[in-house]
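Below is one structure, written out as structure tokens; the observations come after it.
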Amino acid sequence: SDDGYIVTNAHVVSGVEGAVVESITVTLPDRKEYPARLIGRDVESDLAVLKTTAYNYQPAKLGDSSVLRIGQLVIAIGNPYGFQHTVTTGVVSALQRTLRSTTGRLMDNIIQTDAPLNPGNSGGPLINADGEVIGVNTAAIPGAQGLCFAISINTAKSIATQLLREGYVKRAYLGLSSQQVDFIPKMAQYHHLKNKRALFVVSVEPYSPAEAAGIKDGDFIVSFNDVAVESSDDLFRMLTQEKIGIFQYITVVRNQEKLDFRITPAEKRLKAA
């Protein structure tokens, strides 16, 4: 922005074991350097917002990633291996991809491109032919050619807004640990379920929404709000900010009996540091 705010990847401002680096310096195209402070970061979406003392610079124009089409020309800008202001080009290879973050949670609405990315491109812009930023370059598959990914700018704008306002991103939290298991076909048929897999509850945290709802160790979670749950990713996708503090319905199988519970997700905070 023209008042010194910058969006980048969370892993760019992370040091050893994911800790935030103590000192951040931003170098602009005119080679002037400015100190920066971390406003907030969200490791689950791999995004961070910085604030510098730089001013009177032309801000990037943000586009709309929802109108992207496969085959559309894109341009990536970054500093791969320290080679500053390197520009690479390619096309949008796929849309609506999912990519796993460092926390293990899936990031949705990822743009796949064949514009070459290397270490040093992270946090840089993915631009369309009109010069609008439509993504934040975030990852490439090591050893593969043409498999590069960017976080959509619409996702980045949403996350950045929350980081600017709160310093963290709100997410719904249930307070249970689970693992994906194959669901017994006869059990699924008996309860008229479509599940081939379910979530086996390994543990329930004390005083958590899950405990308050009545969920116990050994339960099999099969649906959330009448939508089948076959993996933790399925459940995470549905635990959006809008569900915090509002009754939801979760269905489990316990001792061959199907039970419906009302559960109220709490707010999970992932602070900047």
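The values are calculated or read from the model by the stated rules, or taken from the named source; none is laboratory data. Keep in mind the model is a prediction, meaning the values are calculated, not measured. Reconstructed Cβ throughout: ideal geometry from the backbone, glycine too, with neighbour counts over all protein chains shown. Calculation scope for accessible area: heavy atoms of the full protein, side chains included, ligands and nucleic acids excluded. Shrake-Rupley method; radii C 1.70, N 1.55, O 1.52, S 1.80 Å.
Some points to look at:
- Placing a label point 7 Å from the Cα of Val87 along the Cα-to-Cβ direction, the residues of region 115-134 whose backbone N falls under 13 Å from that point are 127-132.
- Counted over all Cα-Cα pairs of region 96-164, pairs farther apart than 21 Å make up 21 percent.
- For Lys258, the solvent-accessible surface computed with a 1.4 Å probe is close to 90 Å², ligands and nucleic acids excluded.
- On a per residue basis, region 85-143 carries 44 Å² of accessible surface, using protein heavy atoms and a 1.4 Å probe.
- Rg(Cα)/(2.2 N^0.38 Å) for the chain, N = residue count: 1.15
- Virtual paramagnetic centre 7 Å along Cα→Cβ of Ile246, amide N under 14 Å, in region 210-235: 225
- What the phi angles of region 39-52 give under the Karplus curve with 6.51, -1.76 and 1.60, with θ = phi - 60°, is a coupling list of 7, x, 9, 10, 5, 6, 10, 6, 10, 8, 10, 10, 10, 10 Hz, glycine and proline written as x.
- Sparse-neighbour loop sites [chymotrypsin sites (Phe, Trp or Tyr not before Pro); region 55-98; at most 14 other C-beta within 10 Å; DSSP]: Tyr55, Phe83
- Estimated FRET transfer efficiency (Gln96, Leu164; beta-carbon r; R0 41 Å; 0.05): 0.95
- Normalised per residue, the accessible area of region 146-224 is 51 Å², obtained with a 1.4 Å probe and no contribution from ligands, DNA or RNA.
- The Stokes-Einstein estimate for region 1-98, based on a Kirkwood radius over Cα pairs and taken at 25 °C with 0.890 mPa s viscosity, is a diffusion coefficient of 158 µm²/s.
- Rounded, prolate or oblate (a/c below 1.5 giving rounded, otherwise prolate when a/b exceeds b/c) for region 192-253 by Cα gyration tensor: oblate
- Accessible area of the chain belonging to carbon and sulfur atoms, whole % at 1.4 Å probe: 52 percent
- Shape call, region 131-272: gyration tensor on alpha carbons, a/c limit 1.5: oblate
- Potential extension, Arg237-Lys216 segment - 0.36 nm per residue separation minus Cα distance: 5.3 nm
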